[in-house]
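The values are calculated or read from the model by the stated rules, or taken from the named source; none is laboratory data. Remember, it's a predicted structure, so these values are computed and weren't measured experimentally. Because the Cβ atoms are built from the backbone with ideal geometry, glycine has one as well, and the counts that use them run over all protein chains shown. When the accessible area is computed, the model is the full protein with side chains, heavy atoms only, and any ligands, DNA or RNA have been set aside. Shrake-Rupley method; radii C 1.70, N 1.55, O 1.52, S 1.80 Å.
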Amino acid sequence: MNRAMPALALGLCSLLCTTLPAHATDRPADSYGTKAPYAPQQDLRSYRSAPRGFVPVFTENVSRHGSRTATDSEDGDLVLALWDKAASEGQLTATGKKFGPDVRALLAAMSKVGYGNLSGRGQRELHDTAVRMEKRLPDLFAGIAKDGRPIDVVSSGQTRAVDSGTAFTTGLTDAAPALKPLIGAARVDKDLLYFHKADGGAAYRDYIDNDQRLADTLKSITDQPATHRAARNFLAKIFKPGFVQRVADGEFASLGSDVDAATAVYNMYGIAPAMSDESPGGRGWHMDRYIGARDAAWFGYLSDTEDFYEKGPGFADSDITYNMAQVLLDDFFKKAEANRDGTSSLGAELRFTHAEEIIPLAALMQLPGSTQAVTASRPYTYASNPWRGASVAPLGANIQWDVFRKGGTYLVRMLYNEKETAFKQGCVPVSKGSKFYDLAELERCFGRTGADAGR
């Protein structure tokens, strides 16, 4: 494995083809991992019509919160401690002299918004996603308004998820004002939308904290020459060579290693696009000038590696990272079945959560890019596995089921980040190449029979 990784690093950028929204950055989205800002994956004018005679009767989704600030100032504090030391000794490069002021300004902006909270960009991401939802389903929302059917809003209870729900419903009512009185008070369901921290995630948390194979795998991928080279390249843009060597030699051990320092710089780089609205003049933070594209790509890969093994498909002989998402998949089925069975009058179910829920759900459902687990002998690499955090769960990621009815037949269409998406292999659409599936077929395909169906 270690022999292959440095070669992978040399060719990595050619494999990163996902792009960020316009004006975010000129860097590939994959270099940001799951901190990549959101962009819809299909043009609003290109959605296929439902089969003849079918009309929309219900929609439901789950959304990751939108772009946000960092959870705390730890990374900024670490790199500023090093920067202040280097500045006092005249050990900054010409570019590096700008780094300290840039980081301080970014930290001040995040502190003003509130650490861990939705940024201006994040509010727009959720608002605009809702506007597009209404434009895709105008007849459904007109019918909901006419019939007075309620719209349910539920979140994890975390501030950024609650605020995402508010931004989303604001977008929905901006597009269709008649819906406003039908949107109920937002409620909290941690078991459903924060399951990695709820009782249902106990075995998962034990895996994260204590599984030796996981720890050894992450260490073997991270702790290799390619990582240390990229780390020194990061630091060399900010500090003069002698100071970089001192960091690598452990002189500032209380602040961490060269990789720790570079990771902190990378995390500043990673959060910057999410904070674009708060940047001076809205022109961006330009943190990419402190990180070369190839080195950012390598650290993006390392970030994806951690998410892949800790939240995604993971090891082929275990489902510990994603089986806890069954509660959320069950809820999708329950809401669709209740509409079919006439046991619910809901017009829409809107859920707001986190990457720790979206990534496992994608793996459980075998959504595109989340179908391939790995073995110890063939670990996760960009060259051999399609999983990318920027595609699976960017900030604002969403999964949506639209339900259509004709007589007693109910069809479901799935959108993944607003792209019409086939259900997993083995699920048979109503016609070859169609993205519409009979709800009864999905129940069969996902093994939801007998006591499960309608439960």
- [ ] Find the residue count for region 377-418, including only residues that are at pLDDT below 95 and open to solvent by less than 50 Å² (accessible area, probe 1.4 Å).
- [x] 0
Task: Failed item in (1) closer than 17 Å to TYR322 by Cα; (2) among the hydroxyl-bearing types (Ser, Thr, Tyr); (3) without any contact (Cβ under 8 Å) to a residue 60 or more places away in the chain, with THR353 passing the rest - done: (3)
Open item on the list: So in region 81-99, with the set limited to residues that are buried (at least 19 other Cβ atoms within 10 Å of the Cβ) and within 17 Å of ALA264 (Cβ to Cβ), which one is nearest to the chain's Cα centre (by Cα)?
Closed with: PHE99
Open item on the list: Between a residue in region 82-103 that is over 15 Å from ILE291 (Cα atoms) and assigned to a helix (DSSP H, G or I) and any residue that is open to solvent by 40 Å² or more (accessible area, probe 1.4 Å) and modelled with pLDDT under 95, which pairs come within a Cβ distance under 7 Å, given they are 6 or more apart or on different chains?
Closed with: LEU82/LEU255
Open item on the list: So, ARG68, is that one surrounded by fewer than 19 Cβ atoms within 10 Å (Cβ to Cβ) and either over 30 Å from SER345 (Cβ atoms) or at pLDDT 95 or above (or both) or not?
Closed with: no
- [ ] Search region 241-267 for residues that are within 18 Å of TYR290 (Cβ to Cβ) and pair each with any residue that is open to solvent by 30 Å² or more (accessible area, probe 1.4 Å) and basic (Lys, Arg) when their beta-carbon atoms are under 7 Å apart and the residues are at least 6 apart or on different chains.
- [x] VAL244/ARG232; ALA248/ARG232; ASP258/ARG232
Task: Residues being closer than 18 Å to GLY114 by Cα, in contact with a His (Cβ under 9 Å, 6 or more places away or on another chain) and open to solvent by 10 Å² or more (accessible area, probe 1.4 Å) - total across region 163-172 - done: 2
TODO: For GLY281, work out the one condition from (1) in contact with a helix residue (DSSP H, G or I) (Cβ under 7 Å, 6 or more places away or on another chain); (2) of a type outside the set (D, E, K, R); (3) closer than 28 Å to LYS97 by Cβ it doesn't fulfil.
DONE: (1)
Task: Scan of region 194-217 for residues that are farther than 30 Å from ARG351 by Cβ and in contact (Cβ under 8 Å) with a residue 60 or more places away in the chain, ordered by number - done: ARG213, THR217
Open item on the list: Being farther than 30 Å from LEU415 by Cβ, in contact with a helix residue (DSSP H, G or I) (Cβ under 9 Å, 6 or more places away or on another chain) and either surrounded by fewer than 24 Cβ atoms within 10 Å (Cβ to Cβ) or aliphatic (A, V, I, L, M) (or both) is true for just one of VAL103, VAL57, VAL113, VAL62. Which residue is that?
Closed with: VAL103
Open item on the list: Can you say whether ALA50 is hydrophobic (A, V, I, L, M, F, W, C), at pLDDT 95 or above and assigned to a loop (DSSP other than H, G, I, E, B), as far as the supplied structure shows?
Closed with: yes
TODO: Could you please let me know if ALA296 is surrounded by fewer than 23 Cβ atoms within 10 Å (Cβ to Cβ) and either free of Cβ contacts under 8 Å to residues at least 12 places away in the same chain or aliphatic (A, V, I, L, M) (or both)?
DONE: no
Task: Out of GLN366, GLN372, GLN326, sole residue that is open to solvent by 10 Å² or more (accessible area, probe 1.4 Å) and touching a Lys or Arg at 6+ places or on another chain (Cβ under 7 Å) - done: GLN366
Open item on the list: Among the listed residues ILE271, ILE291, identify the single one that is surrounded by 22 or more Cβ atoms within 10 Å (Cβ to Cβ) and within 19 Å of THR69 (Cα to Cα).
Closed with: ILE271
Task: Qualifying residue in region 116-133 (condition: assigned to a loop (DSSP other than H, G, I, E, B) and open to solvent by 10 Å² or more (accessible area, probe 1.4 Å)) - done: yes
Open item on the list: Every residue in region 176-202 that is open to solvent by less than 70 Å² (accessible area, probe 1.4 Å), part of a helix (DSSP H, G or I) and over 13 Å from ASP331 (Cβ atoms), please.
Closed with: ALA178, LEU179, LEU182, GLY201, ALA202
TODO: State whether one or more residues within region 142-162 are crowded, with 24+ Cβ neighbours inside 10 Å and assigned to a loop (DSSP other than H, G, I, E, B).
DONE: yes
